[in-house]
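A.B. asks: Sharing a structure, written as C-alpha cells. Questions coming.
The values are calculated or read from the model by the stated rules, or taken from the named source; none is laboratory data. Keep in mind the model is a prediction, meaning the values are calculated, not measured. Cβ: placed from backbone, ideal geometry, glycine included. Neighbour counts: every protein chain shown. Side chains are part of the model used for accessible areas, which takes the heavy atoms of the whole protein and leaves out ligands, DNA and RNA. Shrake-Rupley method; radii C 1.70, N 1.55, O 1.52, S 1.80 Å.
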Amino acid sequence: MVVCFYAGYLLYVLFPAAPPRLTLVFEYSRTLQGYPQLFSNLEARAFQLLPADSRAAFPSLHVGATLVTLVCAFRYARWLFWALLPFVLGLWVSTIYLRHHYFVDLLAGWLLAILALLAAPRLDLWWRTANAPGLRDRARRPSADAEA
C-alpha cells in the first residue's frame with residue numbers, strides 16, 4: 001500500500017491532471033442531485049471545500065489502493081475479499097460518475113496497483129538485507145572460498 005501511494009503521489013507531480021469536475025464543468029448539462037432537500041445545503045458546502053485547482057487525478061489512487069486491498073484480501077482472507085468487492089466496485093464506478101476521474105485514470109490506477117504489488121516484495125527484501133544488522137558486514141568480508 002505504501003509503494004502504491006508514494007508512486008501515485010510521484011505520478012501526480014509528473015502528470016498534473018485536473019479531474020473532469022473542474023476541466024469539463026461547462027460540458028455537463030445536469031448537476032448531480034440525489035440527497036433529500038435536508039442534506040442539499042450540506043452537500044453544496046462540502047463540495048465547495050474541494051480544491052478548485054486540484055491536479056491529482058492521474059492515476060486514480062481510489063482505484064490503486066482498493067485494488068491492492070482486494071488482492072491482499074483475496075490472498076489472505078477470501079471471505080473479506082467477497083465482503084469488500086461490492087463496495088470496491090461501487091467506488092470505482094462512483095469516481096467516474098461523480099466526475100473525480102477519467103477512465104484512463106482508473107486504468108492507470110489498476111496498472112499502478114499491479115506494479116506496486118510486484119515491486120513491494122522486492123523492495124522489502126532489499127530493505128531487509130540492506131538494513132539487517134551484520135548482513136552488510138558479512139557481505140563485505142570475502143568468503144573462505146574466495147580466499148582459497
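A.B. asks: It is to be established whether one or more residues within the stretch 109-118 are open to solvent by 90 Å² or more (accessible area, probe 1.4 Å), of a type outside the set (Ser, Thr, Tyr), in contact (Cβ under 8 Å) with a residue 60 or more places away in the chain and in a helix (DSSP H, G or I).
C.D. replies: Scanning the stretch 109-118 turns up at least one residue that is open to solvent by 90 Å² or more (accessible area, probe 1.4 Å), of a type outside the set (Ser, Thr, Tyr), in contact (Cβ under 8 Å) with a residue 60 or more places away in the chain and in a helix (DSSP H, G or I).
A.B. asks: So, one more: Of everything in the stretch 70-127, what is among the hydroxyl-bearing types (Ser, Thr, Tyr) and over 19 Å from PHE58 (Cα atoms)? Give them in sequence order.
C.D. replies: TYR76
A.B. asks: Out of TRP92, TRP82, which single residue is open to solvent by less than 70 Å² (accessible area, probe 1.4 Å) and either under 17 Å from THR66 (Cα atoms) or of a type in the set (Gly, Ala, Ser) (or both)?
C.D. replies: None of the others qualify; the one that does is TRP92.
A.B. asks: Now for a separate question. Using the structure shown, decide if LEU38 is at pLDDT 60 or above and out of contact with any strand residue (DSSP E or B) (no Cβ under 9 Å at 6 or more places or on another chain).
C.D. replies: Judged against the criteria, LEU38 is not a match.
A.B. asks: Being within 30 Å of PRO16 (Cβ to Cβ), modelled with pLDDT of 90 or more and either among the small types (Gly, Ala, Ser) or under 22 Å from the mean Cα position of the chain (by Cα) (or both) is true for just one of VAL104, VAL68. Which residue is that?
C.D. replies: That would be VAL68, the only listed residue that is within 30 Å of PRO16 (Cβ to Cβ), modelled with pLDDT of 90 or more and either among the small types (Gly, Ala, Ser) or under 22 Å from the mean Cα position of the chain (by Cα) (or both).
A.B. asks: Might you check whether a residue that is among the basic types (Lys, Arg) and outside any loop (DSSP other than H, G, I, E, B) occurs anywhere in the stretch 85-106?
C.D. replies: Checked the stretch 85-106: no residue is among the basic types (Lys, Arg) and outside any loop (DSSP other than H, G, I, E, B).
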